[in-house]
Structures are given as C-alpha cells and as structure tokens.
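The values are calculated or read from the model by the stated rules, or taken from the named source; none is laboratory data. Computed from a prediction, not measured in an experiment: that's the story for all the values here. Quick reminder, even Gly has a Cβ in these numbers, built from the backbone with ideal geometry, and neighbours come from all protein chains shown. We work out accessible area using only protein heavy atoms, side chains counted, and drop any ligands, DNA or RNA first. Shrake-Rupley method; radii C 1.70, N 1.55, O 1.52, S 1.80 Å.
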Amino acid sequence: MLTNIRLQCQQLTNSRFETPKELVTWMGAIQAQNYPMVKWAIGIRLKSGSLSAVEEALQKGEIIRTHVMRPTWHIVAAEDLRWMLKLCKQRNIAAFKSWCSQINIGEKEYQKCKQDIEKILEGKSLTKEELEKTLVQMSHSGDPIFLKYCLNRSESEGIICSGVDKKQKPTYALLEERIPPVKELNKEESLAKLATYYFRSHSPASLEDFTWWSGLLISEAKQAIETIKSELHVEKYDSFELYVHESCSNALSPRTQLHLLPSYDEYLISYKERGTVIDPVHHPKAFSNNGIFYPVILYNGRIVGNWKKIAQKSQIKIETTFFERQPKIEKALLEDAIERYREFYNTRE
C-alpha cells in the first residue's frame with residue numbers, strides 16, 4: 001500500500017534514527033512555520049525523541065531553521081543549507097521582488113536594511129523584537145510587514161539564519177558565523193541530491209509532488225529525477241503512476257498505529273496530491289485555502305481527525321475530534337499517542 005511505504009520513508013514507523021541531525025538530513029527539509037510544532041515533527045520521527053535533544057541540535061547549529069524553498073521556513077541540516085539556498089536563490093529572489101512591488105517596498109530600502117541587519121547581528125544572536133527595536137533606532141520603518149520582508153528575504157539570500165534561542169524564542173544570526181564552510185556543489189549535483197533526499201523520504205511521490213515541495217521549475221525537477229532514475233522505480237497506485245526510491249520500496253505492513261501529527265507536517269504538506277491520505281471532503285479541516293495547516297490525527301496512514309493542546313499548569317491535556325463518527329480506534333492507541341507527546345515535552349532537563 002502507498003501509505004505503508006510513506007509511513008516507513010517518513011520515519012513514522014520503524015524509525016532508524018537516533019539524533020535530530022540524522023533525521024533532518026534524511027528528510028532533506030522539514031517545513032517549519034510553527035516553531036514549537038516543528039520540534040515535535042522531528043521528535044515524532046526519532047527512535048526516542050525528546051524536546052531537549054531537538055533544542056540542543058538547534059542551539060549547536062547542527063540543524064537550521066530559515067527560508068529555503070518556495071521560499072518558506074524549513075529546518076535543514078547545516079551542511080546542506082548553502083547548496084540548497086544557491087539552488088533556490090534565483091527563484092526565491094524573484095518571488096520576494098514580486099512581493100516587494102505589491103507592498104511598496106523599494107529595492108534600495110531593502111538593501112540598506114539588509115546591510116544594517118548584518119552590522120547589528122555581527123557576533124550575536126537576536127530575537128525579532130530585539131532586531132526591530134535596533135532597526136527603528138537606525139531610522140528604518142517599524143512597519144511589521146517591512147521587517148518581515150527584510151528578514152525573510154535576507155534568510156533566503158543566505159545572509160542570516162536561525163541563531164541561538166533565548167528562553168525558547170527563536171533568534172537570527174549571521175549565516176557565515178553560524179555555519180562552517182562546506183564544499184560547493186554544481187547545479188547538477190545539487191538537483192540530484194535534492195531529488196534523492198525527497199524521494200527516499202517521501203516515496204511514493206510524483207513529479208508534481210516533487211515540484212511543489214522543492215519549488216523547482218518543472219524542467220529542473222525533470223532533470224533532477226533523470227539524474228537519479230537508476231534509484232527510482234515507477235509503480236501504479238490507483239490511477240497514479242508514482243516514483244518509489246529503491247531504499248524504501250519493500251515496506252512491510254506496519255502494525256496498527258496512531259500519530260498526533262503537528263501542523264504543517266511533511267506527511268501532508270509535502271505532496272501536491274493529498275486525496276490519497278485524506279478524503280477531499282475533509283481537506284478544510286486539515287488545511288485552509290490560504291495555506292494554514294492544522295494538527296491532525298493519523299490512523300493507519302490516513303488522516304482522520306484533529307487534535308489540539310489544552311494549556312494546563314500541571315499537565316499536558318490533548319483534545320481530539322474526528323472527521324466522522326469516531327472510528328473503531330482502540331482507546332489504548334490514542335492514549336499511547338498522547339503519552340508519547342507528553343513524554344517528548346517532559347524530558348526537558
């Protein structure tokens with residue numbers, strides 16, 4: 001079954017990885033708009049994930065959160081960031097310049113702000129609020145849209161990236177100070193590596209899925225697939241012909257399982273076609289028309305409901321709702337999933 005292979009490739013069953021860095025490298029990139037939730041997206045895919053382990057990897061700069069593909073926030077392994085940014089830079093800048101014209105931000109205005117951001121961040125990590133305060137003092141606009149544009153584009157251009165958190169709040173730092181130099185890849189090598197990362201961790205998937213996830217031009221995506229065609233098999237699932245990477249084509253049927261997937265999880269967001277894992281009638285309950293993705297319940301490879309964390313002082317409480325009348329799910333399965341979530345957050349030292 002398609003879902004059996006995806007569960008295995010996405011490390012949601014029989015996970016093979018111990019550390020966040022290993023997992024993120026395997027996945028290639030993990031979408032990361034919601035900072036607390038993406039930590040859980042990593043933890044749920046580890047053999048024994050903990051919040052402290054994920055935060056330590058982020059603090060050390062082993063994994064980095066920044067604008068990479070499409071362009072949007074992703075977490076990637078530090079050694080992969082430079083070649084990914086280089087591969088995506090031209091399209092990302094074009095996207096930002098289009099946004100720039102829509103919100104009336106001048107190119108000279110952005111370039112001046114970028115230069116000042118570099119000066120401010122030299123030798124330090126600062127939160128968005130700290131950066132904003134200093135930029136306003138330097139006579140830049142305090143408009144939050146202007147600041148968001150300058151920070152996001154500076155990330156996409158490889159000027160800044162995530163720094164060392166301050167009291168669990170994300171910060172920005174200079175990429176050159178944060179990440180050691182690595183050997184450069186040419187475009188063909190980069191395309192091949194990105195395709196390998198995607199198909200080994202997201203199979204079965206289509207050309208359209210890969211193009212959506214990566215933000216590549218269709219011609220580039222085809223070239224990328226062509227470079228690794230010896231590693232891919234083409235298999236038919238219902239009416240779809242999908243690529244399956246050789247490393248995950250022999251997935252065993254997993255035991256009955258249930259997961260509390262975070263918002264923006266790769267299991268759902270990284271595919272253009274999503275009807276194979278969630279009934280289209282329920283799409284609005286999992287994601288909105290303007291790109292907001294919600295936490296969902298995954299049961300035996302299918303998305304069947306939503307969950308949310310209820311804030312309480314003494315413990316973590318999870319509230320669940322199902323799309324249909326509650327399916328025949330063993331109560332113990334749901335309790336185990338909730339307990340795993342609690343254990344992830346309770347292992348902070």
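See the values below:
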item: Qualifying residues in the stretch 8-33 (those that are buried (at least 19 other Cβ atoms within 10 Å of the Cβ) and within 20 Å of Phe287 (Cβ to Cβ)) - the one farthest from the chain's Cα centre (by Cα); result: Leu12
item: Residue within the stretch 314-333 that is touching a helix residue (DSSP H, G or I) at 6+ places or on another chain (Cβ under 6 Å) and charged (D, E, K, R) present; result: no
item: Residue check for Val281: open to solvent by less than 10 Å² (accessible area, probe 1.4 Å), more than 17 Å from Pro36 (Cα to Cα) and either without any contact (Cβ under 8 Å) to a residue 40 or more places away in the chain or assigned to a loop (DSSP other than H, G, I, E, B) (or both); result: no
item: Of all residues in the stretch 171-224 being touching a Gly at 6+ places or on another chain (Cβ under 9 Å) and among the charged types (D, E, K, R), the one that is most open to solvent (accessible area, probe 1.4 Å); result: Glu176
item: Close pairs (8 angstrom Cβ cut-off, 6 or more residues apart or separate chains): closer than 20 Å to Glu330 by Cα in the stretch 296-312, of a type in the set (Asp, Glu) and surrounded by fewer than 20 Cβ atoms within 10 Å (Cβ to Cβ) anywhere; result: Val304/Glu324; Trp307/Glu319; Lys308/Glu319
item: Hits in the stretch 47-92 (condition: assigned to a loop (DSSP other than H, G, I, E, B) and of a type outside the set (Ser, Thr, Tyr)); result: Lys47, Gly49, Gly61, Glu62, Val68, Met69, Arg70, Pro71
item: Some residue of the stretch 189-205 being at pLDDT 95 or above, within 18 Å of Lys60 (Cα to Cα) and either of a type in the set (Phe, Trp, Tyr) or part of a helix (DSSP H, G or I) (or both); result: no
item: Among (1) under 18 Å from the mean Cα position of the chain (by Cα); (2) under 17 Å from Leu151 (Cβ atoms); (3) at pLDDT 95 or above; (4) of a type outside the set (Lys, Arg), the one test that Pro71 misses; result: (3)
item: Unmet requirement for Leu242, which otherwise passes all of (1) crowded, with 19+ Cβ neighbours inside 10 Å; (2) outside any helix (DSSP H, G or I); (3) among the hydrophobic types (A, V, I, L, M, F, W, C); (4) free of Cβ contacts under 8 Å to residues at least 40 places away in the same chain; result: (4)
item: Any pair with Cβ under 9 angstrom, 6 or more apart, that starts in the stretch 93-122 at a residue that is more than 12 Å from His140 (Cα to Cα) and of a type in the set (Gly, Ala, Ser) and ends at one that is assigned to a helix (DSSP H, G or I) and open to solvent by less than 60 Å² (accessible area, probe 1.4 Å); result: Ala95/Ser156; Gly106/Cys100
item: The stretch 289-300 - residue that is over 17 Å from Thr321 (Cα atoms) and at pLDDT below 95 and, of those, surrounded by the most Cβ atoms within 10 Å (Cβ to Cβ); result: Gly291
item: Among (1) open to solvent by 30 Å² or more (accessible area, probe 1.4 Å); (2) modelled with pLDDT of 95 or more; (3) in a loop (DSSP other than H, G, I, E, B); (4) of a type outside the set (S, T, N, Q) - the single one Arg348 does not satisfy; result: (2)
